[in-house]
1. Would you mind stating whether Thr84 is under 10 Å from Phe150 (Cα atoms) and not aliphatic (A, V, I, L, M)?
2. Could you tell me whether segment 121-128 includes any residue that is under 16 Å from the mean Cα position of the chain (by Cα), at pLDDT below 95 and not hydrophobic (A, V, I, L, M, F, W, C)?
3. Can you tell me how many residues within segment 75-120 are in a helix (DSSP H, G or I), closer than 19 Å to Val132 by Cα and of a type in the set (Phe, Trp, Tyr)?
4. When only residues in segment 71-83 that are in contact (Cβ under 8 Å) with a residue 12 or more places away in the chain and over 17 Å from Glu153 (Cβ atoms) count, which is surrounded by the most Cβ atoms within 10 Å (Cβ to Cβ)?
5. Got at least one residue in segment 140-149 being farther than 23 Å from Gly51 by Cα, free of Cβ contacts under 8 Å to residues at least 12 places away in the same chain and not hydroxyl-bearing (Ser, Thr, Tyr)?
6. Just for segment 101-158: of the residues that are at positive phi and out of contact with any strand residue (DSSP E or B) (no Cβ under 8 Å at 6 or more places or on another chain), which one is surrounded by the fewest Cβ atoms within 10 Å (Cβ to Cβ)?
7. Find the residue count for segment 17-71, including only residues that are of a type in the set (D, E, K, R), at pLDDT below 80 and in a loop (DSSP other than H, G, I, E, B).
8. Give the residues of segment 121-150 that are aromatic (Phe, Trp, Tyr) and part of a strand (DSSP E or B), sorted by residue number.
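The values are calculated or read from the model by the stated rules, or taken from the named source; none is laboratory data. What you are looking at is a predicted structure, and each value in this text was computed from that prediction instead of being measured. Cβ placement follows ideal geometry from the backbone for every residue including glycine, while neighbour counts extend to all protein chains displayed.
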Amino acid sequence: MLKKSLAATALLAIGMSALTACLDDATGVDCQPFSNQVTGTSGDTVETQIGLRYLQLAQGASQQESRWCSTLQVEYTGMLEDETEFDSGTLTFTPGVENLIPGFVFGVVGMRVGEQRRLFIPPNLAYGNQDVRDPQTGDVVIPANSDLIFDVELIATQ
């Protein structure tokens, strides 16, 4: 497992610039959110148009909903498909501003404070054909072409 000081490294290491939602310019942040419509369900699993799937583990009691370009705080656990944990921690970020993996960002936008989801992220929305290595040891933490699972709880939104 990665150290907490490296908690965001696996999420921040590689992003897909084509899916970046907010662009800095001389006047500030220009927010251009992306859509990720639900295309169906299979049992309790929600399927979206970009290939992300998620399972709602607990509903949020709050009316506060996460949105593009607003600051969020989440607690998460990242796992490989066999549920081997590679990371966990608390992360504060702004969807569309930080260079996070797209599957994670699209998976948390629309959550309500207190809601918990299990995200099933295919390789094309994660790290694709690149290995993710522990910067301390050089060991492969996430092999190339891995499907990832994240258990996420939305703690706060601004």
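1. Values: under 10 Å from Phe150 (Cα atoms): no; not aliphatic (A, V, I, L, M): yes.
The answer is no for Thr84.
2. no
3. Narrowing segment 75-120 to residues in a helix (DSSP H, G or I): 102-108.
Filter once more, so that each one left must be closer than 19 Å to Val132 by Cα: 102-105.
From what is left, the residues that are of a type in the set (Phe, Trp, Tyr) are 104.
So the answer is 1.
4. Quick first cut of segment 71-83, residues in contact (Cβ under 8 Å) with a residue 12 or more places away in the chain only: 71-81, 83.
Okay, now just the ones that are also over 17 Å from Glu153 (Cβ atoms), so 80-81, 83.
Numbers: Leu80: 15, Glu81: 10, Glu83: 8.
Out of the qualifying residues, it is Leu80.
5. yes
6. Of the residues in segment 101-158, the ones at positive phi are 110, 114, 128, 138, 145.
After this cut, where a residue has to be out of contact with any strand residue (DSSP E or B) (no Cβ under 8 Å at 6 or more places or on another chain) as well, the list is 128, 138, 145.
Numbers: Gly128: 14, Gly138: 7, Asn145: 14.
Across segment 101-158, the extreme among qualifying residues is Gly138.
7. Here is the first cut: in segment 17-71, the ones of a type in the set (D, E, K, R) are 24-25, 30, 44, 47, 53, 65, 67.
Going one step further and asking which of them are at pLDDT below 80, we end up with 24-25, 30.
Next cut, in a loop (DSSP other than H, G, I, E, B) only: none.
Qualifying residue count for the region: 0.
8. The initial filter retains those residues of segment 121-150 that are aromatic (Phe, Trp, Tyr), namely 127, 150.
Selection gives Phe150 alone.
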